[in-house]
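Chemist: Take this structure, written in structure tokens, and hold onto it; I'll ask about it next.
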Amino acid sequence: MAFTTQYVPVLDGGVPRTITGVAREAISGGQFVYCSGAAAKVNVSGLDSFAASDIEFATGASGTLFTGIATHNAASGAYVTVATAGMFIVGGEATTTAGQVLSTGGVHGVRDLTGSGVQMVARALTSAGSEGYAVVKLL
């Protein structure tokens, strides 16, 4: 897919579910991200506390590597907020069928869930063809 959908929320249920962490690389709003374990950071803020810097995000979320959608652009090393629930307009990397559960292949788009070793990331509320747009609900 040659495009990345910007962050386009449709509904959040009245209570946005987001988490904040550090971008391991430049991230654009609308990109699918995952919690990256590449750095040896295990709750560095302390055993009984939590800081946003304890979580790091990377792009290219695919298969079982999916945490959510970046809500804004962030430079490498900057804080980024990630939506983990809600309904969004996203690009399709292949056919998206309304009502079907969806997966992602790491190119910031969704497709109908097929095959093994992939994670359900959303449910399609509208259909879309490859490189079209669909409304989805994150799972």
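The values are calculated or read from the model by the stated rules, or taken from the named source; none is laboratory data. In this text the structure is predicted, and so the values were computed from the model without any measurement. For neighbour counting, all protein chains shown are included, and Cβ atoms are generated from backbone atoms with ideal geometry for every residue, glycine included. Areas reflect the complete protein model, heavy atoms only, side chains present, ligands, DNA and RNA absent. Shrake-Rupley method; radii C 1.70, N 1.55, O 1.52, S 1.80 Å.
Chemist: If a residue counts only when it is closer than 22 Å to G132 by Cα and modelled with pLDDT under 80, which strands (runs of 3 or more DSSP E) contained entirely in region 1-114 have at least 2 such residues?
Modeler: Answer list for region 1-114: 9-11.
Chemist: Looking at G86, G99, which one is without any contact (Cβ under 8 Å) to a residue 60 or more places away in the chain and at positive phi?
Modeler: G99
Chemist: I need a count of the residues in region 125-136 that are of a type in the set (A, V, I, L, M, F, W, C) and open to solvent by 40 Å² or more (accessible area, probe 1.4 Å).
Modeler: Residues in region 125-136 being of a type in the set (A, V, I, L, M, F, W, C) and open to solvent by 40 Å² or more (accessible area, probe 1.4 Å): 1 in total.
Chemist: Could you list, in sequence order, the residues of region 115-124 that are part of a loop (DSSP other than H, G, I, E, B) and open to solvent by 10 Å² or more (accessible area, probe 1.4 Å)? Even if it seems obvious, please write down each step before you answer.
Modeler: Step one: of region 115-124, the residues part of a loop (DSSP other than H, G, I, E, B) are 115-121.
If the condition is that a residue be part of a loop (DSSP other than H, G, I, E, B) and open to solvent by 10 Å² or more (accessible area, probe 1.4 Å), then G115, S116, G117, V118, Q119, M120 are the ones that fit.
Chemist: Of the conditions (1) within 12 Å of the chain's Cα centre (by Cα); (2) surrounded by 14 or more Cβ atoms within 10 Å (Cβ to Cβ); (3) among the hydrophobic types (A, V, I, L, M, F, W, C), L139 satisfies every one except a single condition; which number is it?
Modeler: Tallying (1) within 12 Å of the chain's Cα centre (by Cα); (2) surrounded by 14 or more Cβ atoms within 10 Å (Cβ to Cβ); (3) among the hydrophobic types (A, V, I, L, M, F, W, C), L139 fails exactly one: (2).
Chemist: I'd like to verify a number: residues in region 112-129 that are closer than 22 Å to V33 by Cβ and polar (S, T, N, Q), how many?
Modeler: So the answer is 1.
Chemist: Residue by residue through region 126-139, note down the ones that are over 17 Å from Y7 (Cα atoms) and either touching a Phe, Trp or Tyr at 6+ places or on another chain (Cβ under 6 Å) or at pLDDT 85 or above (or both).
Modeler: Result: T126, S127, A128, G129.
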